[in-house]
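Presented below is the structure to which this report refers.
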Amino acid sequence: MSTKLIIWSLFNAGLNSLYFMVKKLQNRILENDIKALVVERLKVKGILGVGDTLISEFTVDNRSRRTDLLLVRESDIWAVEVKSEFDSLHRLPLQVDKYNAFFDKVIVACAQKHTQEALKITPQNVEIWEITKQQDIKIIRRGKIAKVKNKELLLKLFKRSELNKLARKTDADLTFSDKKELITLLSKVPLKDIRTAVIDSIKSRYKLTTYHFWRSIEGGKVTKSSIKLLSIKKAKENAKVTLTNESWLGV
């Protein structure tokens with residue numbers, strides 16, 4: 001074989017390798033792709049709708065854990081943990097345990113390669129969604145809604161200013177009360193009132209991102225671009241938009 005032919009063969013082989021590498025990268029299903037698939041499924045099934053709040057990257061328990069998606073509905077809160085094919089499951093048991101303690105339902109949405117392991121290492125009440133390579137969703141295990149009844153954990157979801165607001169409604173003495181003292185003080189408030197207040201507080205905190213998200217998908221599907229609108233930073237960039245629809249503002 002001549003030198004030119006060898007060089008040409010190597011060149012073609014390199015092009016073919018590059019082509020398949022690019023195709024593989026294009027076909028990757030990343031975190032925001034999975035988030036979009038999950039939210040679209042919830043929307044189509046009527047589980048999530050306008051008026052419900054959706055949060056991307058919600059921190060909990062003094063920022064020790066961060067759930068990929070949080071769904072705040074009228075009377076309950078769901079956490080969604082996303083595991084793409086590029087993620088590891090080594091932290092999943094601890095993540096799920098924490099989410100089970102703070103939220104009413106937990107869903108793990110994972111790539112096919114993680115499905116069997118996710119089933120083994122998570123409790124039976126955790127719902128498992130498998131994301132196929134065709135970007136479909138298969139519900140492998142149904143989960144359960146178990147409303148959180150631990151008042152102290154629910155109160156930890158409040159910011160200090162929100163705790164103050166709740167305390168004022170109960171005529172509690174706020175003198176020298178730090179957050180820990182406030183939580184102890186407010187643990188005497190009826191569970192129903194605490195649950196209602198925490199849902200209202202989180203909804204109010206994220207009303208701007210919620211507005212931009214729902215506005216972006218009016219009449220269309222959820223995409224990874226609309227998922228990016230759930231970012232607080234992105235919402236501030238879009239703050240120039242006048243929120244004229246009072247139903248979004250809750251006024």
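Some values worked out for this structure:
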| read-out | value |
| --- | --- |
| Estimated dipole of region 63-146 in Debye, rounded to 20 [Cβ of Lys and Arg +1, of Asp and Glu -1, Cα centre] | 160 |
| Solvent-accessible area per residue, Å², over region 62-219 with all protein chains present [probe radius 1.4 Å] | 53 |
| Accessible surface of region 69-121 [probe 1.4 Å, protein heavy atoms]: carbon and sulfur percent | 46 |
| Above-threshold pairs, the threshold being 18 Å between Cα atoms, out of 83/113; 138/203; 45/221 | 138/203 |
| Square roots of five times the Cα gyration tensor eigenvalues for region 182-229, Å | 34, 10, 8 |
| Percentage relative contact order, region 65-195, counting C-alpha pairs under 8 Å, at least six apart | 18 |
| Gyration tensor (alpha-carbon) shape descriptor, region 101-208, a/c threshold 1.5 | prolate |
| Sparse-neighbour loop sites [trypsin sites (Lys or Arg not before Pro); region 96-200; at most 16 other C-beta within 10 Å; DSSP] | 133, 142, 144, 147, 149, 159, 188 |
| Above-threshold pairs, the threshold being 23 Å between Cα atoms, out of 147/228; 159/224; 165/207 | 147/228; 159/224 |
| Rh (Kirkwood; distinct C-alpha pairs) - region 39-85, Å | 11.5 |
| For residue 70, net neighbour charge (Lys/Arg +1, Asp/Glu -1) across residues whose Cβ lies under 12 Å away | +1 |
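The values are calculated or read from the model by the stated rules, or taken from the named source; none is laboratory data. All figures in this text were calculated on a predicted structure; none of them were measured in a lab. Neighbour counts are summed over all protein chains in view; Cβ atoms, including those assigned to glycine, are modelled from backbone coordinates with ideal geometry. Surface areas here come from the heavy atoms of the whole protein model, side chains and all, with no ligands, DNA or RNA. Shrake-Rupley method; radii C 1.70, N 1.55, O 1.52, S 1.80 Å.
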